[in-house]
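Working notes, beginning with the structure itself.
The values are calculated or read from the model by the stated rules, or taken from the named source; none is laboratory data. Bear in mind that the values here come from a model prediction, so they are computed numbers and not experimental data. All Cβ positions, even for glycine, are placed from backbone atoms using ideal geometry, and neighbour counts span all protein chains on display. In case anyone asks, the SASA skips ligands and DNA or RNA and just uses the protein heavy atoms, side chains included. Shrake-Rupley method; radii C 1.70, N 1.55, O 1.52, S 1.80 Å.
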Amino acid sequence: MIELVRIHAHLCGDGFMFFGESSERDRKHSATVGYSNNNYCLIEKFRDDFNAVFKVQMKLRKNRKEVTVRSIRIYKELLKLFGELSSFKWRIP
């Protein structure tokens, strides 16, 4: 699935994923997956790919030049597929 490969590349470059405690009363934890870029064409491409793979619409924040979605399910699925996306964990031989 080419969309999934592009999602991975975008997340590694200018994306972010985090998991933590929720401030909502009925939730204990929350997870966010997002992507930020100055180029809106790349943001829209990432958003379209994400919608094609996960069937969710990402929230576009034009003032911050980013798209985000809050979903523990998607966070866990991406973590299972790609592992840790933190650049601090990457090693280049």
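Largest GNM mean-square fluctuation across Asp26, Asp14, Asp49, computed for the chain with C-alpha springs under 10 Å, falls on Asp26. For the range 57-66, 3J(HN,Hα) computed residue by residue from phi via the Karplus equation (6.51, -1.76, 1.60; θ = phi - 60°) reads 9, 6, 7, 8, 10, 5, 5, 9, 6, 8 Hz, glycine and proline entered as x.
The range 59-77 and the range 33-50 have Cα centres spaced 10 Å apart. Ligands, DNA and RNA are left out, and with a 1.4 angstrom probe the accessible area of the chain is 70 Å² per residue. Treating cross-link reach as a plain straight distance, find the lysines whose alpha-carbon is under 27 Å from the alpha-carbon of Lys55, omitting any fewer than eight places away in the same chain. The qualifying lysines are Lys28, Lys45, Lys65, Lys76, Lys80. Can you pull the percent of the chain's accessible area that's carbon plus sulfur, 1.4 Å probe, other chains left in place? Carbon plus sulfur share of accessible area: 51 percent.
Ranked by the mean number of other Cβ atoms within 10 Å of their residues, highest first, the peptides 72-79, 61-68 fall in the order 72-79, 61-68.
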